[in-house]
Amino acid sequence: MSRWPPRTATGKEKALTKQYFDLWDAFGFAHDVAMELSHSTGQAWQPEQGNDPAGQDAYLVGPDDARIRVRRAPALHLQDRIYLTGTIPSGWLDHWPRDEDGDLLRARISLAITKSASQAAGEIELRLLTWHLRDLATARAAKALHDQQHQHRRELVGQLLQQLGEQAQDATAYRPETTVIFGAHNKPVQAEITLPGWDDVAEIALRLRPAALAVALAPLLRQFHDAA
């Protein structure tokens with residue numbers, strides 16, 4: 001049977017929704033839902049105050065970096081809805097999974113404002129939490145790999161600076177990639193060593209004066225090439 005046009009809410013339903021809308025408290029709702037989630041999942045969930053000066057948002061904070069924002073719909077014509085969105089931890093944005101169009105994946109649902117805390121917790125578990133925890137796990141693994149690669153690059157920079165001595169400087173702060181510069185422009189040898197952060201690769205750009213120095217360097221290049 002067709003559901004169009006949609007059924008118009010009765011006066012009693014509108015009055016009930018308005019009552020919930022007027023009395024609804026984000027932190028109180030989050031507190032009650034956190035208790036229900038703790039009971040149903042067997043893991044600790046806590047409510048957290050939101051940032052809205054009017055008190056219209058709050059957070060559900062759970063295990064494994066899970067954090068869900070709870071907010072009431074701002075538009076008056078949607079005043080019977082509560083929106084819940086899985087948040088991205090600070091520093092994780094670059095590692096967060098994206099869809100095929102390059103947009104960030106976000107686990108989000110909306111609920112009727114008249115849902116009880118128990119009903120809301122069930123909806124969160126069924127429709128939101130699984131996807132939010134999946135995205136968190138994907139981002140956590142990507143961040144761990146990134147941090148490992150970053151630590152490896154920093155160790156290499158330290159070794160390069162030690163080996164090259166006072167004529168070398170770490171130029172990473174003002175370069176887009178991890179970079180060590182050796183020598184000055186007016187010296188016979190100037191080198192720029194870049195660790196781009198993909199694979200285990202180092203890129204070295206050399207400037208030699210006179211050009212005949214390249215001939216002196218050739219045996220060393222051949223030695224590394226043949227040893228690979």
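Counting only residues that are surrounded by 11 or more Cβ atoms within 10 Å (Cβ to Cβ) and at positive phi, which one in the stretch 170-215 is modelled with the highest pLDDT?
Once the filter is applied, the top-ranked residue is 183.
Any idea which of (1) assigned to a loop (DSSP other than H, G, I, E, B); (2) under 23 Å from the mean Cα position of the chain (by Cα); (3) under 21 Å from residue 26 (Cα atoms) is the one residue 70 doesn't satisfy?
(1)
Which numbered condition trips up residue 114, out of (1) of a type in the set (Val, Ile, Thr); (2) touching a residue at least 24 places away in the same chain (Cβ under 8 Å); (3) out of contact with any Phe, Trp or Tyr (no Cβ under 8 Å at 6 or more places or on another chain)?
Checking residue 114 against (1) of a type in the set (Val, Ile, Thr); (2) touching a residue at least 24 places away in the same chain (Cβ under 8 Å); (3) out of contact with any Phe, Trp or Tyr (no Cβ under 8 Å at 6 or more places or on another chain), the one that fails is (3).
I'd like to verify a number: residues in the stretch 89-132 that are part of a loop (DSSP other than H, G, I, E, B) and of a type in the set (D, E, K, R), how many?
6
What pairs come out if I take residues in the stretch 146-159 that are closer than 19 Å to residue 93 by Cα and pair them with residues that are small (Gly, Ala, Ser) and assigned to a helix (DSSP H, G or I) whose C-beta lies under 8 Å away, six or more apart or interchain?
none
Can you say whether residue 166 is under 24 Å from residue 91 (Cα atoms) and part of a helix (DSSP H, G or I), as far as the supplied structure shows? So that I can check it myself, show each step before the final result.
On the way: under 24 Å from residue 91 (Cα atoms): no; part of a helix (DSSP H, G or I): yes.
It is false that residue 166 is under 24 Å from residue 91 (Cα atoms) and part of a helix (DSSP H, G or I).
Given the criterion at negative phi and in the same structural domain as residue 26 (by TED's automatic domain parsing), identify the matching residue among 122, 158.
Working: 158 fails: in the same structural domain as residue 26 (by TED's automatic domain parsing).
Result: 122 is the single residue among 122, 158 that is at negative phi and in the same structural domain as residue 26 (by TED's automatic domain parsing).
Would you please list the contacts, defined by Cβ atoms under 6 Å and residues six or more apart or on different chains, that run from a residue in the stretch 176-196 that is farther than 20 Å from residue 149 by Cα and touching a residue at least 24 places away in the same chain (Cβ under 8 Å) to a residue that is of a type in the set (D, E, K, R) and surrounded by fewer than 17 Cβ atoms within 10 Å (Cβ to Cβ)?
188/209
The values are calculated or read from the model by the stated rules, or taken from the named source; none is laboratory data. All values derive from a computational prediction rather than experimental measurement. All Cβ positions, glycine included, derive from the backbone under ideal geometry; neighbour counts span all protein chains shown.
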